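The values are calculated or read from the model by the stated rules, or taken from the named source; none is laboratory data. This is a predicted model, so every value here is computed, not measured. Note: ideal-geometry Cβ built from the backbone for every residue, glycine included; neighbour counts use all protein chains shown.
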Amino acid sequence: MPLAIYALALAAFAVGSAEFVISGILPPLAEDLAVSIPTAGLLVTAYAAGVAIGGPILTVLTSRYSQRSVLIGVMVLFTVSQVLCAFAPDYGLLLAARLLSSIAHGAFFGAGNVLVANLVPPERRGGAFSLFISGITVANLLGLPGGSAIGLHFGWRATFITVAVLGAIAAVVLILRVPRTGAPGENAPSLGEQVRELRHQQVWLSYLTITFVMVGALTFGTYQVPIMEQVTGLSPSIVPFYLLIGGLGSVLGIYLGGRGTDWKPMPTLITVLLLQALFYFTMLFAMHDKVWMTVNLLISSILGFAFSTPLQTRVIAAAHSAPNLASALISTAFNIGIAAGAGIGAILLTSGIRYADLPAVGVITSLLAAATATLSFLLERRQLSLASA
């Protein structure tokens, strides 16, 4: 695998850490800035909105430039925004700095996906994408607990300084390791051409599949800690161990998703989605037993990350003539599902639904995702048979 892919994975770890660490430092941050925790929580909502909306806009504006230059520029913007977060004197300026960071986040993965696709031949893209995405996975595994620990011992501002240092290191590594490809110039696709690439059913049905999966994942995942404490009966001191198991499962899921993509992407994807539905169903029963909860959580985490690589590869392949906007909108689909899943969970709990019933949402959304992916696969095969007739 080219060293440039490892450089991109390092940058993805820095960007992913910025997204995850905020939830671990909300209480001291809220106290220091004299706002409520729900108000501080809007920093998460604003970040998701920035990724979903600002990322694609910046991607379109920079699509005519060398993606290497764009990627390095985005990492510089990301690093500066982390410094601004660290020294923000009040909540309003911190919110603005987080929005700036989120826009860089969305544009980074748009440019990064395109660059990964260009660095390796098609038959190796599954492995390359899984390595790239592993940066986010490791951030999920280490960024949240690490950022929380730094915030606890040195203050929440030190957490942002640490992420800024990671961003600066990643920018330097990208400069040294990502090869120069030149600027697209006049050959770059126009905005109209990029929008037209979205018409392919493989693209927009992949977005819909991603959104369905993330709704179910976040309906459960947002409230997994109170579920472990109140339903499974775990003590708060052991909950981080279970979160670590979930993180390890996500790393394994990314790896297996990449291997499956290089083998048979759509059969792999559909199988993963159907298994997701099955293990959300078994979670309804497993969460009442500590041992079975451990097993179910590990398998669910593997499946919850194995679906990503086949879908991202599918979008890039279908929109190969103008992949920049299509790639950036992958993050938009993820963040729409994240916001919707957390919101649905809150609405259900407020209306009297028990924590123990939340995995039922994942059963429904995983089946919807599997049906959507199957429809896309069948339409693609029909198109190929008509073209060869």
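Just so you know, in the stretch 220-237 the residues that are assigned to a helix (DSSP H, G or I) and within 17 Å of F20 (Cα to Cα) include one that is farthest from the chain's Cα centre (by Cα), and it is V225. Within the stretch 238-250, the set of residues being assigned to a helix (DSSP H, G or I) and farther than 16 Å from G221 by Cβ comprises F241 only.
Residues that are farther than 19 Å from V295 by Cβ, in the same structural domain as A370 (by TED's automatic domain parsing) and among the hydrophobic types (A, V, I, L, M, F, W, C): does the stretch 233-253 have at least one? Spell out how you get there, then give the answer.
Let us first name the residues in the stretch 233-253 that are farther than 19 Å from V295 by Cβ, namely 235-237.
This time we only want the ones that are in the same structural domain as A370 (by TED's automatic domain parsing), so: 235-237.
Remaining after also requiring among the hydrophobic types (A, V, I, L, M, F, W, C): none.
Taking every residue of the stretch 233-253 in turn, none turns out to be farther than 19 Å from V295 by Cβ, in the same structural domain as A370 (by TED's automatic domain parsing) and among the hydrophobic types (A, V, I, L, M, F, W, C).
Taking the stated definitions as given, is V70 among the aliphatic types (A, V, I, L, M) and either buried (at least 18 other Cβ atoms within 10 Å of the Cβ) or free of Cβ contacts under 8 Å to residues at least 60 places away in the same chain (or both)? Outline the logic, then answer.
Numbers: among the aliphatic types (A, V, I, L, M): yes; either buried (at least 18 other Cβ atoms within 10 Å of the Cβ) or free of Cβ contacts under 8 Å to residues at least 60 places away in the same chain (or both): yes.
Answer is yes for this residue.
Across the stretch 27-80, which residue is farthest from A104 (Cα to Cα) among those that are part of a helix (DSSP H, G or I) and of a type in the set (S, T, N, Q)?
First, the residues of the stretch 27-80 that are part of a helix (DSSP H, G or I): 27-33, 37-62, 67-80.
Now restrict to residues that are of a type in the set (S, T, N, Q): 39, 45, 59, 62, 67, 69, 79.
On the way: T39: 23, T45: 16, T59: 9, T62: 12, Q67: 14, S69: 13, T79: 9 Å.
Once the filter is applied, the top-ranked residue is T39.
Within the stretch 366-378, is there a residue that is surrounded by 20 or more Cβ atoms within 10 Å (Cβ to Cβ), closer than 24 Å to E19 by Cα, touching a Phe, Trp or Tyr at 6+ places or on another chain (Cβ under 7 Å) and not assigned by TED's automatic domain parsing to the domain that holds F108? There is no residue in the stretch 366-378 that is surrounded by 20 or more Cβ atoms within 10 Å (Cβ to Cβ), closer than 24 Å to E19 by Cα, touching a Phe, Trp or Tyr at 6+ places or on another chain (Cβ under 7 Å) and not assigned by TED's automatic domain parsing to the domain that holds F108.
In the stretch 310-333 there is at least one residue that is more than 20 Å from the chain's Cα centre (by Cα) and part of a helix (DSSP H, G or I).
Being hydrophobic (A, V, I, L, M, F, W, C) and more than 23 Å from the chain's Cα centre (by Cα) is the filter; apply it to the stretch 354-388 and report the residue that is farthest from S206 (Cα to Cα). So that I can check it myself, show each step before the final result.
We begin by selecting, within the stretch 354-388, every residue hydrophobic (A, V, I, L, M, F, W, C); these are 356, 358, 360-361, 363-364, 367-371, 373, 375, 377-379, 384, 386-387.
Now drop any that are not more than 23 Å from the chain's Cα centre (by Cα), which leaves 356, 375, 377-379, 384, 386-387.
Details: A356: 30, L375: 11, F377: 10, L378: 13, L379: 13, L384: 18, L386: 22, A387: 22 Å.
The qualifying residue farthest from S206 (Cα to Cα) is A356.
Working only within the stretch 296-309, note down all residues that are in a helix (DSSP H, G or I) and among the aromatic types (F, W, Y). Once the filter is applied, which keeps residues that are in a helix (DSSP H, G or I) and among the aromatic types (F, W, Y), the stretch 296-309 yields only F305.
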